[in-house]
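Trainee: The structure under discussion is supplied below as structure tokens; questions concerning it will follow.
The values are calculated or read from the model by the stated rules, or taken from the named source; none is laboratory data. Since the structure is predicted, the reported quantities are computational estimates derived from the model, not experimental observations. Heads up, the Cβs are rebuilt from the backbone with ideal geometry, glycines too, and the neighbour counts pull from every protein chain shown. We work out accessible area using only protein heavy atoms, side chains counted, and drop any ligands, DNA or RNA first. Shrake-Rupley method; radii C 1.70, N 1.55, O 1.52, S 1.80 Å.
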There are 4 protein chains.
Amino acid sequence: MAEYEPHKEDRFTFGLWTVGNVGRDPFGEPVRPRIEPARIVRRLAALGAYGVSLHDDDLVPPTADAAERRGIVAEFRRVVDGEGMRVPMTTVNLFSDPVFRDGALTSLDPGVRRRAIDKARAAIDLGVELGADIFVLWGGREGVETDAAKDAREALRLYREGINALTRYIRDRGYPTRIALEAKPNEPRGDIYLPTTGAMLAFIATLDDPDIVGVNPEVAHEKMAGLRAAHAIAQAQDAGKLFHVDLNDQHPGRYDQDLRFGSDDLKGAFFVVRALENGGYQGPRHFDAHAYRTEDEEGVWEFARGCMRTYLILREKVRRFEEDAEIQGLLQEARAGGKPRNERLDQLLVDLLLGVR
Amino acid sequence: MAEYEPHKEDRFTFGLWTVGNVGRDPFGEPVRPRIEPARIVRRLAALGAYGVSLHDDDLVPPTADAAERRGIVAEFRRVVDGEGMRVPMTTVNLFSDPVFRDGALTSLDPGVRRRAIDKARAAIDLGVELGADIFVLWGGREGVETDAAKDAREALRLYREGINALTRYIRDRGYPTRIALEAKPNEPRGDIYLPTTGAMLAFIATLDDPDIVGVNPEVAHEKMAGLRAAHAIAQAQDAGKLFHVDLNDQHPGRYDQDLRFGSDDLKGAFFVVRALENGGYQGPRHFDAHAYRTEDEEGVWEFARGCMRTYLILREKVRRFEEDAEIQGLLQEARAGGKPRNERLDQLLVDLLLGVR
Amino acid sequence: MAEYEPHKEDRFTFGLWTVGNVGRDPFGEPVRPRIEPARIVRRLAALGAYGVSLHDDDLVPPTADAAERRGIVAEFRRVVDGEGMRVPMTTVNLFSDPVFRDGALTSLDPGVRRRAIDKARAAIDLGVELGADIFVLWGGREGVETDAAKDAREALRLYREGINALTRYIRDRGYPTRIALEAKPNEPRGDIYLPTTGAMLAFIATLDDPDIVGVNPEVAHEKMAGLRAAHAIAQAQDAGKLFHVDLNDQHPGRYDQDLRFGSDDLKGAFFVVRALENGGYQGPRHFDAHAYRTEDEEGVWEFARGCMRTYLILREKVRRFEEDAEIQGLLQEARAGGKPRNERLDQLLVDLLLGVR
Amino acid sequence: MAEYEPHKEDRFTFGLWTVGNVGRDPFGEPVRPRIEPARIVRRLAALGAYGVSLHDDDLVPPTADAAERRGIVAEFRRVVDGEGMRVPMTTVNLFSDPVFRDGALTSLDPGVRRRAIDKARAAIDLGVELGADIFVLWGGREGVETDAAKDAREALRLYREGINALTRYIRDRGYPTRIALEAKPNEPRGDIYLPTTGAMLAFIATLDDPDIVGVNPEVAHEKMAGLRAAHAIAQAQDAGKLFHVDLNDQHPGRYDQDLRFGSDDLKGAFFVVRALENGGYQGPRHFDAHAYRTEDEEGVWEFARGCMRTYLILREKVRRFEEDAEIQGLLQEARAGGKPRNERLDQLLVDLLLGVR
């Protein structure tokens, strides 16, 4: 239906690594060829997206020299601008290189920590060059398989030093960049430090320069711990710290699935959309997900369309929920001391979601 | 919408303990008065249900003598018959009485085991009197908090002896009763033996008289272990052992919630309905759930209506899924060696569920 | 072994509700009679405990009038003092009374919120009378079964107003009381707001008077979400907010078990003890657990002894871990840029735990 | 301690893919070079192992022609025999090749199913050549991300056809091979069919030739679903179907960790060892685990030593548990109708595990 076609003003963005995912998993080899960044930008533009995001290494190979880097970045900007697209966020890959296998910012090895900070600074530079004002930091290796090998308090001190070094860098350069910290409970480490959006929000208060640091809640990461993504988003909004958001889906209590938005749990996705739409969030609706491994490139674009389409359908249902006289009346009664009618309210929502109201 | 009004031929049933739940939980006292069985039958009949199920103790207080018991049962039958209702299933409460706190059929104490068998036999008798041909057995106390206190193999042997004693009783009496075993991974015991429908199906093959023993998969119980209820149902159907089913909902990886059917996960509920409707299941669509603790009796009937309504809405969506030319075409292509189009198929289902297809 | 006998200086405390638990669960009736508070105090004193904690309603029935209350409190103080015991912490029961079934501080009903604040203030008063300087607040009903019935941001605003009212009360009265907030992800609500210690720490920063508010991490509650309790404690310590701690055990991803400390996971318990002992925590080692439902009163005291004994055994192992030359040498190597030897470190810990090193 | 040194009669085996794991994960590149099969055999022999197991592709590259294959196999046998080692089990890799991405035996595509059967038959041949009498079958791709793309009952029928084709092959050739089916709840598929050992045991009863089909319970796989591995093993033993076992460890409710045996949960590992040692299991104690990604090859052998050492320590503790007069006395009392003393029993076990009894 044309009414659920995405447009730039919907502010949908995708990571290059999401639609570009080649379908490798712990037990299987890639199933799709890599898609060039330029092609991704063009195809997403055609689908109605607002922009793309990227890790430093998604665009510029770590082996590139300065000249190569300049060439790649310039060409990429040209394509992005030509398509009327944006790069509102960049991030840094501090997890693929084996040097970071026992932590990047929290490595016990001072040389590894320096290397992580340098790589993150370069990624911040790249973001500024591309016009991004959000820098997402996901510390995927900042954790342990056994606490025998690292003390958690020592790790938190190192983590703070690392982020303080990045905010100093941003201030020193006069960058407009704000950092959005992304939590995850586990995988690829047995346990990752600061495992939830709540823990990240608390950690920010201990930083040297908390004003330019917020969070990037990821739906799937909260669900891995059996928590409600909409509640994590609400707490971030309540604290004025919702700097970015990662939309996808996940079944609770299992490996990181990065499923198409809404494909596991339509009701949970509804409340995520509601939190964003009602809560004044102005940033990108960013999808950090990938197509099933069964798909070829055609399936990848199907997947991307589906993420945006489901969001738009749910956005329309949010609007109707807020305007539904019976629903709003029941809530007003409860606020006035009337009895809760929660079964009724929930069934009205189910009817609305299923399209029979 | 009138099209989703339940009728007797839909074969919806509710346990007396479900709509009769008084809203006690581990941290709080009852919030609603008990509803008399006769009133439950009348109200459910008026709502379009097919029948009710019950534990022995739901109807007849354990303290009743034989004459009282006869009177209660006769009066209850009169009400049931008068409303054109049925009692297709009964079950036995082997979990409330403290005597069963360390196991009923698997208690190490032979006296406790005998008592459990006697109580189960009496409940089977009651079922026969009420016209039920299914006897559900949920061994809620058949488990441990620590394996130091009981060896699992010893427990399985005792469990088998107990069930063999029940099937012998059924055969000796010439009853038409079939037993449906219900699995649950934990709660109220730390770990319950035979924790999934799969484990129960396997156990049946080790019994003396497996022909009259099948399973009663409960949606919430499979979800507690993060498993898919529709897959458990499919395996039971594949084995010819789907004797009964408990419909409700649950968020994975947490306490036993017994939520209104479909209220956690609409997609999961869709596949449960699809398995039942397409798989030739002719038995009751039995709801083993209860209203939120926020509700008074009005909310309880709202809850009951919601269970049936959501089932009927999803049943209609199943019909449309099976008749959808694009969906069925994509599946046929895959069967003919064409490439999988799973993202497309799943998005078509999402559209269908959300009422935009 | 005498070396693992508890003494007052070990600062072990138990809630009246823990050893006093009567063994009711969602599927079964009480298995043990209530033990009078005075008897609990005497028995725990004899076992080597330092003190007891309590909910307002554990000591004073909600129906007591002012004179009865005075009598009960005076008599209780006499017993506590006579045994050389302490009451370092009190808390408030905002979960048992059906009036709080849809939230206490976060109820949409202003009358219910006022009642919750009044009850909490009275419980703070009681704590001051008993010499407690910590007031634990667990908002067990501050959550939802469906977000259709309450907006999470509205709930967070109400929650904050409630806690602000309590800190104002403490300041106005000149009380020495500090509040320790306790997080839990779910049960008895489908989802509880501020579900982890991390979320609570973040929330504190948004309060009017954050200085006198900290956290009370509970081992079992973090484990319910699959998180590491030792990491939650470390973050609380890092933030200077570890005001109290609840020790017990739990298997991840299931109902709230409140098991004897160390009985699920010895390694996890070791790291909890290590965080407390090495992290400068001076407060009570408080057990919030209860005996299995299989136990009579003798088993309850066995349970209490076991909690303390396991803590002391693990404390001794912590001391040996910190003094183990090989372990500390490997950690120093890693800090100096040497390669991680994490498998070796973890096996050394396993050997140490199993008593073969 | 020399007393916990492994010897051949302990029957410890490792998969080539376990100690040979290069440390790639979903977010990171390999950290260790591949270790040649011959080197693995020699090093494990030196450490006291009994043998090795392998996937077809671990030994023979899929691209090898018949002559190359013969050469590789002959050379490998020479090394194995020379070291006095054994190959008691082989298995087939039906998960790495992208052709199997939407199922191997359960692919909707008949061509893919044929290919899977052919590959499995060749792997059975290889096992026979190497003297293995157990063939493990783990259907890692036999599942779905969405049930919209495949009907679970159709999948079960296809799965059965596939296994029936393998048992026919074994019978036709007169092989001594028995098949051990391995369950896993999820990963790499969203949901894998027959997700637990219980489900696999039930499925076996529906096969054409169930006598030569049993199970290979994997500790980590049961724990992923929050279930107790020792209970799954007990049920397999009860059914006479424990053909093989995979020992490792895992934290419940997360990605497949394949940790060193005993490194997550010592108590759970104790009961696994107890089930095997007391239950008459004569087969290999097979470790399906890998070293942390922090390790180089030295760490890999440390890991292998640790798996065996922890098993032997726990085996000794099992012996002492069975001979402990107080423990056995309490169990006898319970069997004689005495009251349960489960807190006492569990604390005695904790003492025994911690080496203070």
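Trainee: Could you tell me whether D:Asp208 is more than 10 Å from chain B (Cβ to nearest Cβ), within 21 Å of D:Ala152 (Cβ to Cβ) and touching a helix residue (DSSP H, G or I) at 6+ places or on another chain (Cβ under 9 Å)?
Mentor: Answer is yes for this residue.
Trainee: A:Gly338 versus (1) part of a loop (DSSP other than H, G, I, E, B); (2) facing another protein chain (nearest Cβ under 7 Å); (3) more than 30 Å from A:Asp133 (Cβ to Cβ): which is the lone unmet condition?
Mentor: (2)
Let's see how each residue does on (1) within 13 Å of chain D (Cβ to nearest Cβ); (2) at pLDDT 95 or above; (3) open to solvent by 40 Å² or more (accessible area, probe 1.4 Å):
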{"site": "A:Glu75", "(1), (2), (3)": "no, yes, yes"}
{"site": "A:Val80", "(1), (2), (3)": "no, yes, no"}
{"site": "A:Met85", "(1), (2), (3)": "no, yes, no"}
{"site": "A:Phe95", "(1), (2), (3)": "yes, yes, no"}
{"site": "A:Arg101", "(1), (2), (3)": "yes, yes, yes"}
{"site": "A:Ala120", "(1), (2), (3)": "no, yes, no"}
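Trainee: May I ask you to verify whether C:Pro195 is within 30 Å of B:Gly226 (Cβ to Cβ), surrounded by fewer than 22 Cβ atoms within 10 Å (Cβ to Cβ) and in the same structural domain as C:Ser263 (by TED's automatic domain parsing)?
Mentor: So C:Pro195 fails the test.
Trainee: Cβ contacts < 6 Å: first residue farther than 18 Å from A:Ile170 by Cβ, restricted to region A:200-211; second residue modelled with pLDDT under 95, any location; separation 6+ or different chain. Result?
Mentor: none
Trainee: Select the helices (runs of 4 or more DSSP H) contained entirely in region C:12-61, then report the ones holding at least 2 residues which are in the same structural domain as C:Lys119 (by TED's automatic domain parsing) and not charged (D, E, K, R).
Mentor: C:16-19, C:37-47
Trainee: Does A:Arg315 qualify as being open to solvent by 30 Å² or more (accessible area, probe 1.4 Å) and either within 14 Å of chain B (Cβ to nearest Cβ) or of a type in the set (Ser, Thr, Tyr) (or both)?
Mentor: Numbers: open to solvent by 30 Å² or more (accessible area, probe 1.4 Å): yes; either within 14 Å of chain B (Cβ to nearest Cβ) or of a type in the set (Ser, Thr, Tyr) (or both): yes.
Yes; evaluated as a whole, the condition is true for this residue.
Trainee: Got a number for residues in region A:70-87 being among the hydrophobic types (A, V, I, L, M, F, W, C) and either within 24 Å of C:Arg341 (Cα to Cα) or outside any helix (DSSP H, G or I) (or both)?
Mentor: Going through region A:70-87 one residue at a time, the tally reaches 2.
Trainee: Looking only at region A:122-134, how many residues end up being assigned to a helix (DSSP H, G or I) and open to solvent by less than 30 Å² (accessible area, probe 1.4 Å)?
Mentor: Within region A:122-134, residues that are assigned to a helix (DSSP H, G or I) and open to solvent by less than 30 Å² (accessible area, probe 1.4 Å) number 4.
The rows are residues; the columns are (1) touching a His at 6+ places or on another chain (Cβ under 9 Å); (2) of a type in the set (Asp, Glu); (3) under 30 Å from B:Leu259 (Cα atoms).
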residue	(1), (2), (3)
C:Val60	no, no, no
C:Ala67	no, no, no
C:Gly82	no, no, no
C:Val92	yes, no, yes
C:Phe100	no, no, yes
C:Ala120	no, no, no
C:Asp133	no, yes, no
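Trainee: Out of region A:320-357, which residues are open to solvent by 20 Å² or more (accessible area, probe 1.4 Å) and of a type in the set (Phe, Trp, Tyr)?
Mentor: none
Trainee: Now for a separate question. Is region A:272-284 home to any residue that is modelled with pLDDT of 95 or more, touching a helix residue (DSSP H, G or I) at 6+ places or on another chain (Cβ under 6 Å), open to solvent by less than 10 Å² (accessible area, probe 1.4 Å) and not small (Gly, Ala, Ser)? Reasoning before the result, please.
Mentor: Here is the first cut: in region A:272-284, the residues modelled with pLDDT of 95 or more are A:272-278, A:281-284.
Narrowing the set further to residues that are touching a helix residue (DSSP H, G or I) at 6+ places or on another chain (Cβ under 6 Å) leaves A:272-275, A:277.
Now restrict to residues that are open to solvent by less than 10 Å² (accessible area, probe 1.4 Å): A:272-273.
Those still in the list that are not small (Gly, Ala, Ser) too: A:272-273.
Yes, the conditions are met somewhere in region A:272-284.
Trainee: Can you work out which of the residues in region A:140-153 that are open to solvent by 10 Å² or more (accessible area, probe 1.4 Å) and of a type in the set (Asp, Glu) is farthest from the other protein chains (Cβ to nearest Cβ)?
Mentor: Checked region A:140-153; the qualifying residue farthest from the other protein chains (Cβ to nearest Cβ) is A:Asp151.
Trainee: Output the number of the condition that B:His244 fails; it satisfies all remaining conditions of (1) free of Cβ contacts under 8 Å to residues at least 60 places away in the same chain; (2) away from chain C (no Cβ under 14 Å).
Mentor: Result: B:His244 fails condition (1) only.
Trainee: From the list D:Leu156, D:Leu166, D:Leu137, pick out the single residue that is surrounded by 18 or more Cβ atoms within 10 Å (Cβ to Cβ) and either of a type in the set (Asp, Glu) or at the interface with chain B (Cβ under 9 Å from one of its Cβ atoms) (or both).
Mentor: Being surrounded by 18 or more Cβ atoms within 10 Å (Cβ to Cβ) and either of a type in the set (Asp, Glu) or at the interface with chain B (Cβ under 9 Å from one of its Cβ atoms) (or both) holds for just one of D:Leu156, D:Leu166, D:Leu137, which is D:Leu156.
Trainee: Can you run down the residue pairs with Cβ atoms below 8 Å, 6 or more apart or on separate chains, where the first is in region B:212-237 and crowded, with 24+ Cβ neighbours inside 10 Å and the partner is at pLDDT below 95?
Mentor: B:Ile233/B:Gly279; B:Ala234/B:Gly279
Trainee: If the requirement is being among the small types (Gly, Ala, Ser) and surrounded by 20 or more Cβ atoms within 10 Å (Cβ to Cβ), which of these qualifies: D:Ala49, D:Ala45, D:Ala38?
Mentor: Only one candidate passes the filter, namely D:Ala49.
Trainee: Which residue is nearest to the other protein chains (Cβ to nearest Cβ), if the candidates are limited to region C:175-191 and must be surrounded by 24 or more Cβ atoms within 10 Å (Cβ to Cβ) and in contact with a Gly (Cβ under 6 Å, 6 or more places away or on another chain)?
Mentor: C:Arg189
Trainee: So, one more: Can you name the residue in region D:88-98 that is outside any loop (DSSP other than H, G, I, E, B) and out of contact with any helix residue (DSSP H, G or I) (no Cβ under 6 Å at 6 or more places or on another chain) and, of all such residues, is farthest from D:Thr13 (Cα to Cα)? Outline the logic, then answer.
Mentor: Of region D:88-98, the ones outside any loop (DSSP other than H, G, I, E, B) are D:88-91, D:98.
Remaining after also requiring out of contact with any helix residue (DSSP H, G or I) (no Cβ under 6 Å at 6 or more places or on another chain): D:88-89, D:91, D:98.
Details: D:Pro88: 8, D:Met89: 9, D:Thr91: 14, D:Pro98: 29 Å.
The selected residue is D:Pro98.
Trainee: Scanning region D:89-122 for residues that are in contact (Cβ under 8 Å) with a residue 40 or more places away in the chain and out of contact with any Leu (no Cβ under 9 Å at 6 or more places or on another chain), which turns out nearest to D:Tyr169 (Cα to Cα)?
Mentor: D:Ala122
Trainee: Checking C:Ala67 against (1) assigned to a loop (DSSP other than H, G, I, E, B); (2) modelled with pLDDT of 95 or more; (3) open to solvent by 40 Å² or more (accessible area, probe 1.4 Å), which test does it fail?
Mentor: Condition (1) is where C:Ala67 drops out.
Trainee: Another question about this same structure. Return yes when D:Ser107 is over 22 Å from the mean Cα position of the chain (by Cα), among the polar types (S, T, N, Q), within 14 Å of chain A (Cβ to nearest Cβ) and open to solvent by less than 70 Å² (accessible area, probe 1.4 Å) and no when it is not. Walk me through it before giving the result.
Mentor: Details: over 22 Å from the mean Cα position of the chain (by Cα): yes; among the polar types (S, T, N, Q): yes; within 14 Å of chain A (Cβ to nearest Cβ): yes; open to solvent by less than 70 Å² (accessible area, probe 1.4 Å): yes.
For D:Ser107, the condition - over 22 Å from the mean Cα position of the chain (by Cα), among the polar types (S, T, N, Q), within 14 Å of chain A (Cβ to nearest Cβ) and open to solvent by less than 70 Å² (accessible area, probe 1.4 Å) - is met.
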